[in-house]
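Scroll down for the structure; my scribbles are underneath it.
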Amino acid sequence: MLTGITFPTDAATPVTGTPVERLEDARLLTGTGCFVDDLTRPDLLHAVVLRSSMAHGRIVAIDASAALELDGVVAVFTAADVASDGAVPLIPIRLAPFPESQAFRQPVIAVDTVRYVGEPVALVVATSRAIAEDALELIELDIDALEAVASTDAALAAEGDGVLFPGTGSNLVLRYTAQMGDADTAFANAPYVRTERFSTQRHSAVPMETRGLLAEWDAEHGHLFLSGAAKVPYFNRRALAEALGLGMDEIDLLEQDVGGGFGVRGEYYPEDFLVCFAARRLGRPVKWIEDRREHFMATNHSREIACELSIACARDGTILALAGRLDADMGAYIRTNGGVVPAKAGQFLPGPYRIRDIHVDVSIVVTNKTPVGTYRGPGRFEANFFRERLIDMAAADLGLDPNVMRAHNLITAADMPWDAGKLVPYEAETSFDTGDYPVTLTRCLEEIGWEKNKHLQGTVIDGLYHGIGVACFVESGGAGPRENARITLETDGTLTVAVGSSSVGQGIETAHAQIAADALGLPLGKVRVLHGSTTLLHEGFGTYHSRAVIMGGSAILDAATNLKEHLVAAAAKRLGLPNTRLVVENGGVGSGDRFISLAELATDGPFSANGTFANTTRTYSYGAHACHVAVNPQTGAVKILDFVAVEDVGRAINPLIVHGQAIGAIVQGLGGVFLDHLVYDSEGQLLNASLADYLLPTATDFPNVRAVTLELHPSPTNPLGAKGAGEGGIVAVAGATANAVAAALAPLGVTITDLPLTPPRLWQLISDARAAAEPEH
Amino acid sequence: MKLPPLQYVRASSVSEAVDLLVQGAGDARILAGGQSLIPVLAFRLAAPAVLVDIGGIADLKRIDITDETVTLGALVRWVDIERSTALKAHMPLLPAVMAHVAHYQIRNRGTVGGSLAHCDPAAEMPGLAVTCDGTIILEGASGRREAPAVEVLTGALAAEIAEDEMIVALRFPRWRPERRWGFAEFARRQGDFAMAGIVAHFDQDADGVARDVHIGVIGATDRPTRLPGAEAALEGRIPDAMTIRDACRAVQDEVEPPEDIHASAAYRRALAGVMANQALRQAAGLPAAANGQ
Amino acid sequence: MDEIDITLTVNGTAHILSVSPRTTLADALRQGLGLTGTHVGCEHGVCGACTVIVDGAAMRSCLMLAAQAERHAITTVEGLGRPEALGPLQAAFRKHHALQCGFCTPGFLTTLHALLTEEPDADAERIREVVSGNLCRCTGYVAIIEAALEARAAYGHQEAEAC
């Protein structure tokens, strides 16, 4: 007890787990944040990229002479210029590095072949962005067309000129099988088997801020600075160092405010190299801001997977086995994300269910389209749609309530940890950490009013067909290998936290500050979090796979522990007490009635300590989504009357932020179900590279969405108990929504197997079903 | 997506604007609110050498209602129509439709003249102009001329306006007080261009018979157009549910929808019929059809 | 192209700017005046991030030439409050977690400020309809609507009497 002691003014009540307002907001709300395009420099040059307008072709000639004559144009760089420093660098593969993928890597600028519309062919640098765009129109680009393949079917059938990389002989990058148990035998003996084909459409994250970079070359010190970093700055530094022939200590990546990531932003793209190359070559700062049109063809696409899925069940609905074939359209190159999207789709096909016999064949195919990378819930969104649709179909065949069937098969607390096997070739075996999966389904069914509303399935009210759909999910987070942090108690008594995680706008400055504040017993206002930039720490890993709080937050805890040792030592001197008697608490260090506040102790500082958190395991959040729709059979329009997502995130550092992540993810997911679609023609032309034609959800589209966050089963894999909360909100959206639409339209004989569920497509399905149902005359 | 190089000049009168167009010799464009033109320039789908800003010409901002006509100046904005109490009283169809035009910020700046000149087949104002017997008033080097909207708005993004001409106003015949009207459109999202939309009005005589029926379509054709077959199906009949159904069938028979990445021709055709049902039921004062629309 | 001079008032301060005729108002505010709170998300008039208030009306500054702002009064997000003294909408946005990455936020704030100044009684449906011209990828919009509803009080909204 601290009786008789004046309570130190710095002491703070714990903030971890409370919905404190965000520290980022004051600047973002007043226009005083700093995004990369807000940066300016004396002598700044502006770069634009000349992109291929042809999906597949051989570059015959590039004539930039007229462009170079334009007033204000400083340089036009092509592959020939890049090659004068050595071979044109290739974009390295960071994730899912299947060896077969190496031959399909992308050069940072097209050398003699273009393979997708939007591939960089030249970089124009001028005194203004507008002049650089004027110059683009003056470059004469002569490309001989080659056969373009715009689908996996066309790609696999192609020969000769239709093979993107002639040396490989085929557009099939690789095919692999992942399995557990003995699916063949299970299928052979199963009383019930159903096979269906499904597909998810190509779409992407489309953050509100397009990508942007500002490269500065300090010739005097031989140092390169690249602003505009996000997601994985330390990996990108390594990639750039290798490509530019610089040492790691000769490059720094700097992070500003970031206008949304969702997986696509902050990867190492061709422009990351090109802008640095130009800045070094020209000795002047060079800025490149992606415009919205090029964003649609330059930034990673995702989600385009076709699936043939088979389920084997007992008559009581017990799922006996699952077998799937996934064909992933990767676009023209294998970029940094390697094969992770289809690999994760394969891994998450069985989902949160007690399935022991699994067989998954995955084919990874290149086509003449923009390359693919991760987008929030990569592979999970797709796999969940395939499986959850099939479960509803199987339940209908078996005459079961689909949600009784789900509950019957979900992994329970007693099954934990659940051996999830080795369904990813390049990863170790994994197991689901903790959880009671049926609990989230039960809660979700209560929220949507399943028992009271299930009679609505397929009924018509005021001309609209009603349906309710449910989907269950499990979602991984917290990828290793490590994260690092440093905490400094500054002499003014404030804490500075440096962390290797990156912000992509999700609020980690606040969440990390909450963790640090409580660890040292200081108020939130005393904590400042610096993140992302490579100048802060010797090593960092960044933000992806819902890892920033788990990995970065745990590293901060470790740094706090180490810092406390320093503080105790310093306080011991001041107080004349042995270290062993002192503890850091309530914003100070003390023992019994002897106490020194951190503010006072800080004047002896600054004190600083590093921390690290290493992890070879994963966290697994889980939950269920439910959706109630009303479908207009005349227009094909779908109203979302109610959508609810329930997720056990283990532990929420800031419930306000977690809730925001969930709601935002749901609406993004609904966009992926109904709106978002990157449409190509058979020649590989992207047909909707504008926000007028690529439809994103607006405020009027999906007003009725809710999220319930649970903290039932903390993860034992990290000291916070957190499981990651950035992606669970999107994973089951397509599954639940498509099940709802399918339930609504079941009386008409409509089957839902493909996304997106656009009004014209639903109308067509309804029309076709009605035509098929009419008796022949 | 910076705009192409251009010269900018302000015109303080219509005649000055026309002079500037003449000087531009085919390479000058009128800039009104810019809500259609500037995106075209941003995508560099057009690169006029000169933009003639008519935004300062006060005469073009007027809404004039006489015993015979309702005239919207070229610079009348969507928000002006939306809020006009005079229009709500005398031609209520116009303000009612404005809620469907683009978004709040666009409606604060987009103009009648700009929309007509841009001539998007899915836009509302060209459809209203064609359906409601609008006359477009243009001024050019050879003076002022008037032309029925249907003769000016002849193709997608291709209004029949000479290089030295500008739109000055859109004039409608004044409505009878007993006129009945309806409007319905279907867009993917709030504010998007219509995939199909129907404008309809008719007068009803003492026996409840529909006279002077006007039915026009947007979005489901390559230009805004009236649908004479559908009009004939209603003309001289009492607009009950059965008659309206006949008119909707006629709409579907009559429209010739284009096909694009957003929808098939068959879908747009069906949709035009559904929208016709809604618009005509609204006009006839029948309860909304039981389809949730 | 020769530059032209324009005179305009931004957040209450008069400015004379020299710009290329093709410069949009958005670019002029950002680059000419350093008011980088106005964000450019699409440059073709769809995303709404660049919305500013022109003579009281919300407009997209990417769809206006700077020259068209001659002698007009512009309010940008910087004119709605300061970090240490947030305006009522800004404070409500923070309280309701109505922003995440913050890139679209200035456009929502300017749009809603113009709306609530004219229509302090706008209901949830009207607010949703109005901000359907602004895209946000982070929040799913729910919190934005809640924040706007709460902020109405500061614009003169009277809660309806319960009957």
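The values are calculated or read from the model by the stated rules, or taken from the named source; none is laboratory data. Everything numeric in this text was worked out from a predicted model, so none of it was measured. Here Cβ is always computed from backbone atoms with ideal geometry, including for glycine, and neighbour counts include all displayed protein chains. Side chains are part of the model used for accessible areas, which takes the heavy atoms of the whole protein and leaves out ligands, DNA and RNA. Shrake-Rupley method; radii C 1.70, N 1.55, O 1.52, S 1.80 Å.
With respect to B:ASP120, is the statement that it is of a type in the set (D, E, K, R), within 14 Å of chain C (Cβ to nearest Cβ), in contact with a Leu (Cβ under 8 Å, 6 or more places away or on another chain) and open to solvent by 10 Å² or more (accessible area, probe 1.4 Å) true?
Working: of a type in the set (D, E, K, R): yes; within 14 Å of chain C (Cβ to nearest Cβ): yes; in contact with a Leu (Cβ under 8 Å, 6 or more places away or on another chain): yes; open to solvent by 10 Å² or more (accessible area, probe 1.4 Å): yes.
So B:ASP120 passes the test.
When the residues of the range A:98-133 are filtered to those that are open to solvent by less than 20 Å² (accessible area, probe 1.4 Å) and of a type in the set (Asp, Glu), which remaining residue is farthest from the chain's Cα centre (by Cα)?
A:GLU133
Report yes if B:ALA187 is at pLDDT below 95 and open to solvent by 20 Å² or more (accessible area, probe 1.4 Å), otherwise no. Break it down stepwise before answering.
Working: at pLDDT below 95: no; open to solvent by 20 Å² or more (accessible area, probe 1.4 Å): yes.
So B:ALA187 fails the test.
Can you tell me how many residues within the range B:249-277 are within 11 Å of chain A (Cβ to nearest Cβ) and farther than 14 Å from B:GLY219 by Cβ?
Qualifying residue count, the range B:249-277: 3.
What is the residue count in the range A:427-456 for residues that are open to solvent by 60 Å² or more (accessible area, probe 1.4 Å), out of contact with any Asp or Glu (no Cβ under 8 Å at 6 or more places or on another chain) and assigned to a loop (DSSP other than H, G, I, E, B)?
1
Within the range C:1-64, which strands (runs of 3 or more DSSP E) (wholly inside it) include 1 or more residues that are open to solvent by 30 Å² or more (accessible area, probe 1.4 Å) and either under 22 Å from B:LEU6 (Cβ atoms) or outside the structural domain of C:THR117 (by TED's automatic domain parsing) (or both)? Can you show your working first?
Details: elements: C:4-10, C:13-19, C:51-54, C:57-60.
The qualifying strands (runs of 3 or more DSSP E) are C:4-10, C:13-19.
If only one of A:ALA103, A:ALA96 is in a loop (DSSP other than H, G, I, E, B), out of contact with any strand residue (DSSP E or B) (no Cβ under 7 Å at 6 or more places or on another chain) and touching a residue at least 60 places away in the same chain (Cβ under 8 Å), which one is it? Spell out the reasoning first.
On the way: A:ALA103 fails: in a loop (DSSP other than H, G, I, E, B).
Matching residue, one of A:ALA103, A:ALA96: A:ALA96.
In the range A:609-618, is there at least one residue being open to solvent by less than 20 Å² (accessible area, probe 1.4 Å), of a type in the set (A, V, I, L, M), outside the structural domain of A:GLY463 (by TED's automatic domain parsing) and over 22 Å from A:ARG376 (Cα atoms)? Before the answer, list the steps.
Let us first name the residues in the range A:609-618 that are open to solvent by less than 20 Å² (accessible area, probe 1.4 Å), namely A:609, A:611, A:615.
Among the residues that remain, those that are also of a type in the set (A, V, I, L, M) are: A:609.
With the extra rule that they be outside the structural domain of A:GLY463 (by TED's automatic domain parsing), the set shrinks to A:609.
Add one more test, that the residue is over 22 Å from A:ARG376 (Cα atoms), and what stays is A:609.
Looking through the range A:609-618, at least one residue is open to solvent by less than 20 Å² (accessible area, probe 1.4 Å), of a type in the set (A, V, I, L, M), outside the structural domain of A:GLY463 (by TED's automatic domain parsing) and over 22 Å from A:ARG376 (Cα atoms).
Go through the range A:540-561 residue by residue and tally those that are in contact with a Ser or Thr (Cβ under 9 Å, 6 or more places away or on another chain) and either acidic (Asp, Glu) or surrounded by fewer than 22 Cβ atoms within 10 Å (Cβ to Cβ) (or both).
Looking only at that region, the number is 1.
When you go through B:SER15, B:SER84 one by one, which is the residue that is more than 11 Å from chain C (Cβ to nearest Cβ), open to solvent by less than 20 Å² (accessible area, probe 1.4 Å), touching a residue at least 12 places away in the same chain (Cβ under 8 Å) and of a type in the set (S, T, N, Q)? Please lay out each step first, then the result.
Numbers: B:SER15 fails: open to solvent by less than 20 Å² (accessible area, probe 1.4 Å).
Sole residue among the options that is more than 11 Å from chain C (Cβ to nearest Cβ), open to solvent by less than 20 Å² (accessible area, probe 1.4 Å), touching a residue at least 12 places away in the same chain (Cβ under 8 Å) and of a type in the set (S, T, N, Q): B:SER84.
Keeping to the range A:26-72, report how many residues are under 27 Å from A:ILE143 (Cα atoms), under 33 Å from the mean Cα position of the chain (by Cα), assigned to a loop (DSSP other than H, G, I, E, B) and of a type in the set (A, V, I, L, M, F, W, C).
2
Can B:ALA102 be described as more than 13 Å from chain C (Cβ to nearest Cβ), in a loop (DSSP other than H, G, I, E, B) and small (Gly, Ala, Ser)? Before you say what the answer is, go through the steps one by one.
Details: more than 13 Å from chain C (Cβ to nearest Cβ): no; in a loop (DSSP other than H, G, I, E, B): yes; small (Gly, Ala, Ser): yes.
Criteria not met by B:ALA102.
Considering the range C:65-109 alone, what residues qualify as being more than 7 Å from chain A (Cβ to nearest Cβ) and not in a helix (DSSP H, G or I)?
Result: C:LEU65, C:GLU70, C:ARG71, C:HIS72, C:ALA73, C:ILE74, C:THR75, C:GLU84, C:ALA85, C:GLY87, C:ALA98.
To keep it simple, each residue is scored yes or no on (1) part of a loop (DSSP other than H, G, I, E, B); (2) touching a residue at least 40 places away in the same chain (Cβ under 8 Å); (3) under 27 Å from A:THR113 (Cβ atoms); (4) assigned by TED's automatic domain parsing to the domain that holds A:PRO120.
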site	(1), (2), (3), (4)
A:ALA306	no, yes, yes, yes
A:ALA312	no, yes, no, yes
A:ALA321	no, yes, no, yes
A:ILE334	yes, yes, yes, yes
A:PRO342	no, no, yes, yes
A:VAL362	no, yes, yes, yes
A:ALA396	no, yes, no, no
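In the list A:ALA624, A:ALA652, A:ALA692, which residue meets the criterion of being part of a loop (DSSP other than H, G, I, E, B) and either more than 9 Å from every other protein chain (Cβ to nearest Cβ) or within 28 Å of A:LEU495 (Cα to Cα) (or both)? If you could, list the steps in order and put the result at the bottom.
On the way: A:ALA624 fails: part of a loop (DSSP other than H, G, I, E, B); A:ALA692 fails: either more than 9 Å from every other protein chain (Cβ to nearest Cβ) or within 28 Å of A:LEU495 (Cα to Cα) (or both).
None of the others qualify; the one that does is A:ALA652.
Of all residues in the range A:73-93, count the ones that are surrounded by 15 or more Cβ atoms within 10 Å (Cβ to Cβ) and part of a loop (DSSP other than H, G, I, E, B).
Residues of the range A:73-93 that are surrounded by 15 or more Cβ atoms within 10 Å (Cβ to Cβ), as a first pass: A:73-79, A:81-82, A:88-93.
From what's left, part of a loop (DSSP other than H, G, I, E, B): A:88-89, A:91-93.
Result for the range A:73-93: 5.
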